Amino acid sequence: MDKFRMIFQFFQSNQESFMNGICGIMALASTQMYSAFDFNCPCLPHYNLAYGLGILLVPPFILFLLGFVLNNNISMLAEEWRRPQGQRRKDLSVLRYMFCSMAQRAMIAPAVWVSVTLLDGKCITCAFCTSVPVETLGNASHPGLSQGEIQRVLARIPCKEIYNGQQLIANEVAIRYLRCISQALGWCFVLLMTTLAFLVRSLRPCFSQAAFLKSRYWSHYIDMERKLFDETCAEHARSFAKVCIQQFFEGMSTDLVAARCHLPRKAPPDAGEAAEKLLGITDQGTMNMALKSWHRCKPPLNLHPPALPTGNGWAGEGQPPTHPSAPQKETAAYYSWV
């Protein structure tokens, strides 16, 4: 249990670790889904290709979209992309980094599904069973069969219980031929994905390490800023509700005293602290205006105080930055009436 707790804490340490854990779980779930899936080829000439390619491509697309849905950064990316310019400009490199990061993680589960499907070979056998080279592997000069009838016989290759074309081509030979091709494609796909991942991980820092660090830092900043803003809003809502409820009960106590029912209760000691956390925002309209202002014109990412204007314009404009002068010593004199 301690090991599982440590793994769970590692996944919760930051957003990237959490999403890596989610993608790993989705990859394992994709393999379990395929193993539990009951593959039934229709064994019809006009439906085998659609069914086989559908099982090969449609679930990866669903898993890809699910990877985006489970990623918490997708809403943050959409919000950052659609928000007004305001006082903070939009950095396209940061948005591009966030999208690429989400896309890379969302591609893990679909890649696992395609790899497992190709290595298993059922989809390729069902989709391309009518394309088996009968001239090479079987008896193409079988008498009494037209081209359409040959296609119908070949379409039943995945269904051993209803296949009746042993004289045309052996069922085991056709399945082995198609499965070998499917496994070759599967290993090529795995090699391609591994090579692309290696190139992205190893070559990207060699060309744009500074830009990569900048984009990564500001993407983390946007994530932390959103979390802190949500926490601040939740704390303000809690303080607002506490003060509102306290005022309600104080009003009820005053009415009961006027009716001579009982004595009023003392105010809780944390009522003043809750009122201080409101920061002067004590009504619904002001809070709504603050939320709209945060969305429309976020504050600029500059923590330094603005420069003061001088007679010729802004101070320091067009001049190189100078180092602050050393602090001067000050002498204080104390007087006593004794």
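Under the Kirkwood approximation applied to all pairs of distinct alpha-carbon atoms, what is the hydrodynamic radius of the stretch 141-237 in Å?
19.6
So, counting K/R as plus one and D/E as minus one, what does the shell of residues with Cβ under 13 Å around Glu172 add up to?
Taking every other residue near Glu172 into account, the sum is +3.
If the viscosity is 1.306 mPa s and the temperature 10 °C, what Stokes-Einstein diffusion coefficient in µm²/s follows for the stretch 56-131 when Rh is the Kirkwood radius over Cα pairs?
Reported coefficient: 108 µm²/s.
Semi-axes of the equivalent ellipsoid of the stretch 209-259: what are they in whole Å, largest first, if each equals the square root of 5 times a C-alpha gyration tensor eigenvalue?
Semi-axes from the Cα gyration tensor: 49, 4, 4 Å.
Quick one: Kirkwood hydrodynamic radius for the stretch 1-207, alpha-carbon pairs, angstrom, one decimal?
20.3
Over the heavy atoms of Asp91, what accessible area does a 1.4 Å probe trace out, to the nearest 10 Å²?
40
Out of the trypsin sites (Lys or Arg not before Pro) in the stretch 128-218, which ones are loop residues according to DSSP with at most 15 other C-beta atoms within 10 Å?
In loop regions of the stretch 128-218 (DSSP not H, G, I, E or B), the sparsely surrounded trypsin sites (Lys or Arg not before Pro) are Lys160.
The values are calculated or read from the model by the stated rules, or taken from the named source; none is laboratory data. None of the values given here were measured: they were computed from a predicted structure. Reconstructed Cβ throughout: ideal geometry from the backbone, glycine too, with neighbour counts over all protein chains shown. Keep in mind that these areas ignore ligands, DNA and RNA; they rest on the heavy atoms of the full protein, side chains included. Shrake-Rupley method; radii C 1.70, N 1.55, O 1.52, S 1.80 Å.
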